[in-house]
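S.K.: Right, I'll just put the structure down here and ask away after.
The values are calculated or read from the model by the stated rules, or taken from the named source; none is laboratory data. Everything quoted here is computed from the prediction, not taken from an experiment. Neighbour counts are summed over all protein chains in view; Cβ atoms, including those assigned to glycine, are modelled from backbone coordinates with ideal geometry.
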Amino acid sequence: MLNTSQETVQKTSQDSSTKKPIIFLKINWKPYPEFTEYEVTPHGMVRKGKYNIEAKKQKNDRYKVVIGIGKMEPGMKSRKRTTRYLDRMVAETHVPNPFNLPYVVSRDGR
């Protein structure tokens, strides 16, 4: 099993005058297999280190994540980048693949 880190997130009610219970959620972060410095949750959150990465919604109602590759070198304006679909990142990270199939196909054929 991959090295996983669990983080507890605390959510409270907006109105402090009402005595609503505090809900604790366990967030299970796992490293993305292709780029291990990025971590993904089963709920579709992505982070690199302590910084959350925002997924951009596309015209086809899917979300893309921009991933930086390599290091900044002198004279470069920006790092090399690649994109990954968020649903595939979650599936490749959290869905078991006992038959070592080469890629993920969603129920809707994407």
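S.K.: Those residues that are farther than 17 Å from residue 54 by Cβ and either surrounded by fewer than 16 Cβ atoms within 10 Å (Cβ to Cβ) or in contact with a helix residue (DSSP H, G or I) (Cβ under 9 Å, 6 or more places away or on another chain) (or both), I need them from the range 79-101; list them, please.
M.R.: Of everything in the range 79-101, those that are farther than 17 Å from residue 54 by Cβ and either surrounded by fewer than 16 Cβ atoms within 10 Å (Cβ to Cβ) or in contact with a helix residue (DSSP H, G or I) (Cβ under 9 Å, 6 or more places away or on another chain) (or both) turn out to be 80, 94, 95, 96, 97, 98, 99, 100, 101.
S.K.: Separate question: Within the set of pairs 6+ apart or on separate chains, which have a first residue in the range 69-89 that is over 30 Å from residue 108 (Cα atoms) and among the charged types (D, E, K, R), a second that is at pLDDT 80 or above and surrounded by 10 or more Cβ atoms within 10 Å (Cβ to Cβ), and C-beta atoms under 6 Å apart?
M.R.: Between residues of the range 69-89 that are over 30 Å from residue 108 (Cα atoms) and among the charged types (D, E, K, R) and residues that are at pLDDT 80 or above and surrounded by 10 or more Cβ atoms within 10 Å (Cβ to Cβ), the close pairs are 79/68.
S.K.: Here's another thing I want to ask about it. Got a sec? Which strands (runs of 3 or more DSSP E) wholly within the range 16-110 have at least 1 residues that are at pLDDT 90 or above and charged (D, E, K, R)?
M.R.: Strands (runs of 3 or more DSSP E) meeting the threshold: 23-31, 38-40, 46-48, 63-69, 80-85.
S.K.: Please work out if residue 62 is of a type outside the set (A, V, I, L, M, F, W, C), in contact with a Leu (Cβ under 8 Å, 6 or more places away or on another chain) and more than 15 Å from residue 29 (Cβ to Cβ).
M.R.: yes
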